[in-house]
Every structure is written in C-alpha cells, then in structure tokens.
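Structure, as structure tokens:
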Amino acid sequence: MNKEQLIQYLKKQSFPEQIIKAFEKIKREDFVPENYKEHAYEDAPIPVGYGATTSQPYTIAFMLNLLELKKDKNQKILEIGSGSGYVLALLEEITKAKIYGVEIIKELAESSQEILKKYKNITIINKSGKNGLPENAPYDRILISAACQDLETARKLTSQLKDNGIIVASVKYSVFKIKKQNGKITTQEFPGFAFVPLQD
C-alpha cells in the first residue's frame, strides 16, 4: 500500500476531513526506522525499536476521531506513550494546540524530540506516563497510546482533565472513550484492538 492508497482507504472509513488531511500532510516514513520506510503506508503497526511500535493508521485515526478534536491553540493535549512522535505530529496538525508527549524509553523520547524539533508547541518528556503529567494539568484531551492493564489506570487520569474533557485510552484489547461532563464520568468501550503494554 502506498500513501495515496492509504488515504483512500481512510476516506472509505468515513473519518473526518481534518483527520484525513493530517494523514496526508504528516510523513509516516519520517517516524519509522530506515529498514521499514518502504512499509510506512501499510495499514499495519511498525516496530520503532526497544519493543515499541507505531500503531496501524486505522487505529490511530479511530482514536483521534474519538477525541473529538478541534483547531484551538488555547487547548492542552497530553499523549502518554508517544513513541516515535508520529501521533504528536498528527495531533499538532489537527489542533495547533499545546501538546505534551510522555515517553518512558529514553532513546525514543530523544529521537522524537529531534524529528519534531521544528514544532514549537510540542514538548516531549522522558518519564513514565502511568500517573499522567500532573504538573501541566488540566488537559482538554488525553490520549493513552500504550495499553493500560485495567480501566482504573485510565480513569484515575480524569483528575487531570478539564470539564468537557475526553480521555481515549487503550486498555488490553479495547479502546475506551472516557468523558468528563459536569463532574460526571461516562465510559464507552470499543473492543477488537491490540497495543504494546504501558510500561512503568
């Protein structure tokens, strides 16, 4: 599959135009190792080293769609398990928000900082994301890209969420959408996914 074929495939899945345009603009090959560049536009996860992967494009688009993103530079967004930085770039392209990425693997944090150095509103922090990033909270959106062991790990991060904020989290083999509205928490589950586990 080449880039054009991937874009056509994502269009057929009826993802919003802002998400499609971000996939068109951001070069996935910039975020994968040299020996995987020819596979950059296959709808499959790609290893990025150190036991980590960048998720398949369909899964990324699905999770971005659940976040209900909008263009607003006054927003703050946190991604936990930011890996090679590909999703951070997509988030920035869609929202122009202030974006924080937390990545526990030092080498990935450093390489993604290098790849994304021209993005002034993306900050990548090398630490465990299990407890979120309370020092910069509250956030409008939180994306957990590595699989939590249980839903409670994701739900406890609602304390770092603004009202009307959304967490989209991978938990074992499901994606969860957790919404905070008037202090109430609602949860939806979308099963049928696979992710690399969140490391402590």
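The values are calculated or read from the model by the stated rules, or taken from the named source; none is laboratory data. On a predicted model such as this, the values are computed, not experimentally measured, just so you know. Glycine gets a Cβ as well: all are built from the backbone with ideal geometry, and neighbour counts include every protein chain shown. Calculation scope for accessible area: heavy atoms of the full protein, side chains included, ligands and nucleic acids excluded. Shrake-Rupley method; radii C 1.70, N 1.55, O 1.52, S 1.80 Å.
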Next item on the list: Using only C-alpha atoms and all pairs of different ones, pull out the Kirkwood radius for segment 1-113 in Å with one decimal.
Entry: 14.3 Å
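Please sort by residue number the trypsin sites (Lys or Arg not before Pro) in segment 101-199 whose DSSP state is loop and whose Cβ has at most 10 other Cβ atoms within 10 Å.
Filter output for segment 101-199: K117, K118, K120.
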Note to self: On a full-extension model of 0.36 nm per residue, what is the gain between N136 and Y58, subtracting their alpha-carbon distance, rounded to one decimal in nm?
What the structure shows: 25.1 nm
Checklist line | D_trans [Stokes-Einstein, Kirkwood Rh over alpha-carbon pairs] for the chain, 10 °C, 1.306 mPa s, µm² s⁻¹ | finding: 96 µm²/s
Notebook entry, point to check: To the nearest 20 debye, what charge dipole does the chain have about its Cα centre, counting +1 at the Cβ of each Lys and Arg and -1 at the Cβ of each Asp and Glu?
Noted result: 760 debye
Check: Between E107 and D163, what is the FRET efficiency for a Förster distance of 35 Å, r being their Cβ-Cβ separation, to the nearest 0.05?
Finding: 0.40
Note to self: Please report the carbon-and-sulfur percent of the accessible area for segment 57-200; probe 1.4 Å, protein heavy atoms only, DNA, RNA and ligands left out.
What the structure shows: 49 percent
Item checked: Cα-based reach from K120 at 15 Å (exclusive), listing aspartates and glutamates while leaving out same-chain residues under 8 positions away -> E92, E93
Checklist line | In nm, spacing of pseudo-spin labels at H39 and N126 (7 Å Cα→C-beta vector) | finding: 2.7 nm
Note to self: Given a 1.4 angstrom probe, what's the average accessible area per residue across segment 1-138, in square angstrom?
What the structure shows: 47 Å²
